[in-house]
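**Student:** Have a look at the structure that comes next, please.
The values are calculated or read from the model by the stated rules, or taken from the named source; none is laboratory data. Computed from a predicted model, the values in this text were never measured in an experiment. Using ideal geometry, Cβ is built from the backbone for each residue, glycine included, and neighbour counts are taken over all protein chains shown. Surface areas here come from the heavy atoms of the whole protein model, side chains and all, with no ligands, DNA or RNA. Shrake-Rupley method; radii C 1.70, N 1.55, O 1.52, S 1.80 Å.
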Amino acid sequence: MIRNPYQAYADNDVVGSDPLKLVLAMYETAIEFTQEARNCLESGDIWGRTRAISKASRILTELIVSLNPNVGTEIGQNLDRLYHYMQGRLQEAHVKKAAEPLLEVETLLKNLLDGWYKVAETTRHEITQANEVPVPVERCSENVVSEYGNYLCDTEEDGKSAAVLI
């Protein structure tokens, strides 16, 4: 079987991704499919609505399966209940051909996504702070300050220091 190299690249990118990025991507995609389901409902596209609701529901299933019961037990339990609730609302929207449950699921997903964006920003800030190495600022002379320490400083013949640019 010949495999599409672009799909292989995309698959590898997903497999090697940061778990937080994957969660964000799943939320974003679930929102897109919920919006698509609403658009299909309005236009009368039954198969499109079915497909979009199924895909959004499968993403919620992946989110449920990815919950770790050993970490953040109360939060995990609440997310589990909320994901199942949203799946029920998606099915209700499909069966009743109603937009209101789709709007509710979309709103819930957007609120959760906003929370995950804040987690991502906090995590990125913490990682950046942890990776920052304080750079000593050394004075080569009265007028020249080097943030690279003494590496760029050279002593002149008269005993004073001066910056040397390499």
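**Student:** Across the range 57-76, which residue is nearest to K96 (Cα to Cα) among those that are open to solvent by less than 50 Å² (accessible area, probe 1.4 Å) and not in a helix (DSSP H, G or I)? Outline the logic, then answer.
**Tutor:** If we filter the range 57-76 for residues that are open to solvent by less than 50 Å² (accessible area, probe 1.4 Å), which is where we start, we get 57, 59-60, 63-64, 67, 72, 76.
Still in the running and not in a helix (DSSP H, G or I): 67, 72.
On the way: L67: 30, G72: 36 Å.
Restricting to residues being open to solvent by less than 50 Å² (accessible area, probe 1.4 Å) and not in a helix (DSSP H, G or I), the top hit is L67.
**Student:** Sort out which residues of the range 32-56 are polar (S, T, N, Q), in contact (Cβ under 8 Å) with a residue 24 or more places away in the chain and open to solvent by 20 Å² or more (accessible area, probe 1.4 Å), and write them in order of number.
**Tutor:** So in the range 32-56, the residues polar (S, T, N, Q) come out as 34-35, 39, 43, 50, 54.
Keeping just the survivors that are in contact (Cβ under 8 Å) with a residue 24 or more places away in the chain gives 34-35, 50.
Scanning the range 32-56 gives Q35, T50.
**Student:** Restricting attention to the range 97-112, report how many residues are assigned to a helix (DSSP H, G or I), in contact (Cβ under 8 Å) with a residue 40 or more places away in the chain and surrounded by fewer than 17 Cβ atoms within 10 Å (Cβ to Cβ). Even if it seems obvious, please write down each step before you answer.
**Tutor:** Initially, the range 97-112 is screened for residues assigned to a helix (DSSP H, G or I), giving 100-112.
Of the ones still in play, those that are also in contact (Cβ under 8 Å) with a residue 40 or more places away in the chain are 102-103, 105-106, 109-110, 112.
Still in the list and also surrounded by fewer than 17 Cβ atoms within 10 Å (Cβ to Cβ): 103, 110.
Adding up the residues that qualify gives 2.
**Student:** Of all residues in the range 1-20, which are at pLDDT 85 or above and surrounded by fewer than 13 Cβ atoms within 10 Å (Cβ to Cβ)?
**Tutor:** Looking only at the range 1-20, we keep the residues that are at pLDDT 85 or above, and these are 19-20.
P19, the sole residue that qualifies.
**Student:** Additional query: Considering each of G76, G72 in turn, give the residue that is at positive phi and modelled with pLDDT under 95. So that I can check it myself, show each step before the final result.
**Tutor:** Numbers: G76 fails: at positive phi.
The match here is G72.
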